Amino acid sequence: MKDMRAGTVLPMPFDAHVHLRQGRILKHVLPATARDFGRAIVMPNTKPAVWNADTVRAYREEILECAPHGFEPLMTIYLTQQTTPEVILAAGKAGAVAAKFYPKHGTTNSDDGLVPEFFLAQSDWFAALEEAGMVMCIHAEHPKHIKARREHEFLKLFVDSRLPERFPKLRFVIEHVSTAYGLQVVSESDNVAGSVTAHHLVLTDDDVMGNHLNLCMPVAKSARDRSALREAVFQGNSPRIFFGSDSAPHQLSAKSKPEGSYGIYTAPIALKLLAQEFANASRSNNLSSFVSSYGPAYYRLPEEKRVSEVVAEPFHVLDPRSEPALMEPVRDPSAEVDEDAKTDPPPPGDRLTDPIIPFYAGRAIHWSVRYDR
Ligand code: DOR
Ligand code: ZN
């Protein structure tokens, strides 16, 4: 008889793009990321933004104070009008592994962002990033166009800029690639990679209509674009295409406003959903490179020694609207009490009355992660 618990063992996954927020929301969402991912590239679009050495140190400290033992946040800086080459070099020394471009007024907390044409002209910044050995993460959208065209229009400017050729030692990441054109741009230069989310592998523009919970930036595109993403990801041929969840928690009241806030909270389920989608495509063998190997290699991180196991067992995604008792921060039931832990886990009473609804809330995923490591 087939052992249904037989699963896939992989190096502990890496999330190349996550929003952890601050304060109470950070405490609420961090356990979900730290359960399934050993390391993550943490986005800097907090309020105020993380943009220099001091704010990098302070935010890292805030995360570590409530991080489950062993989770490693990898910090980034937000490129703003205040950025200078000196700011970049100092942030690199303070531990920032990447800088992030946000198009002004293009997404959540992007007031400090930049006009794309201005950003692409900052040669001094790119030289400093090269010198610091940092990665250039790009939110590749041009907000002056309709949402469906934003990625394409920004990337045309990026290609015209010839930045990858002009700065051959600088590694670029096109974040949350959502179009076939984005994949093409990634394929054209050895120093351009693309992160891909779980939600862009399953959603199309139809799923966003009338459902603000599925609204994110970049918006999900056509079925053709989604097929191109699925093919590239499941084939696993390119080491420059790797997983970045873009897990972006927003409370329900914000998601329910007329325009709705941009972001999908996928941290609790992304790895399980990927295991399911890879299995459905008969590509389970390629899951490990996508979620565990390609990203750390591009970021030149030390090898991950810890392992995880995904198993073919159902995982029920909680919907806090119908199961309020389960709105507590997720905890690892098998974890031993760590006497050296810097802080206690969040108290069980710390429930959000204005909940964050995870992607696939109320649905079952056919794959789980085994935590008895
Ligand atoms: O959907 C998104 N949410 N896209 C972003 O670029 C930002 C993110 C957030 O911070 O909520
Ligand atoms: Zn993001």
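Rule-based calculations on the coordinates, nothing more; no lab input. Predicted, not measured: the structure shown is a model, and the values here were computed from it. Virtual Cβ from ideal backbone geometry, glycine too; neighbours counted across all protein chains shown.
Before moving on, here are some points about what is shown:
- Spin-label model, residue 300/residue 65: points 7 Å from Cα along the beta carbon direction are separated by 3.3 nm.
- Phi-based couplings in Hz for the stretch 166-181 (Karplus 6.51, -1.76, 1.60; Gly and Pro marked x): 6, 10, x, 8, 8, 9, 9, 10, 7, 6, 5, 4, 10, 9, 4, 5
- Diffusion constant of the chain at 20 °C, which comes from Stokes-Einstein with the Kirkwood Cα-pair radius and 1.002 mPa s, µm²/s: 103
- Ranked list, fewest to most other Cβ atoms within 10 Å of each Cβ, for 112, 206, 225: 206, 112, 225
- Cβ-Cβ FRET estimate between residue 207 and residue 84, R0 fixed at 35 Å, reported to 0.05: 0.25
- Listed by chain and number, the lysines whose C-alpha is less than 24 Å from the C-alpha of residue 93, apart from same-chain residues fewer than 8 away, are 47, 169.
- Note on the stretch 11-308: dipole from Cβ charges, positive end direction compared against 235, 13, 32; the farthest Cα belongs to 32.
- When each of 262, 78 is scored by the number of other beta-carbon atoms lying within 10 Å, the sequence from fewest to most is 262, 78.
- DSSP-defined beta bridges in the chain - what % are antiparallel, rounded to 5: 30
- Footprinting exposure proxy ranking of 154, 118, fewest other C-beta atoms within 10 angstrom first, gives 118, 154.
- From helices alone, the chain scores -8500 deg cm²/dmol at 222 nm; the rule is -39500 (n - 2.57) for each run of n ≥ 4 DSSP H residues, then divide by the residue total.
- Whole-angstrom gap from the stretch 226-250 to the stretch 97-111, using each part's C-alpha centre: 20
- Charge tally for residue 192 (other residues, Cβ to Cβ under 10 Å; Lys, Arg +1; Asp, Glu -1): 0.
- Using θ = phi - 60° in the Karplus curve 6.51 cos²θ - 1.76 cosθ + 1.60, the 3J(HN,Hα) couplings for the stretch 63-80 round to 5, 5, 5, 10, 7, x, 3, x, 6, 10, x, 10, 8, 10, 10, 8, 7, 10 Hz; x is entered for Gly and Pro.
- Around the amide H of residue 307, modelled in the peptide plane, lie the amide H atoms of 12, all under 5 Å away and 5 or more residues distant in sequence or on another chain.
- The residue list 353, 94, 201 was ranked by how far each Cα lies along the charge dipole of the chain toward its positive end, using unit charges on Cβ atoms, and 201 comes out on top.
- Taking amide H positions as modeled 1.01 Å from N, with prolines and chain starts lacking one, the residues under 5 Å from residue 16 and 5 or more places away or on another chain are 41, 244, 245.
- Long-range amide H partners of residue 193 with built H, under 5 Å: 172, 173, 174
- Computed magnitude of the charge dipole of the chain (debye, nearest 20; Cβ of K, R +1, Cβ of D, E -1): 580
- Counting only lysines at least 8 places from residue 272 when in the same chain, those with an alpha carbon closer than 23 Å to its own are 2, 27, 221, 305.
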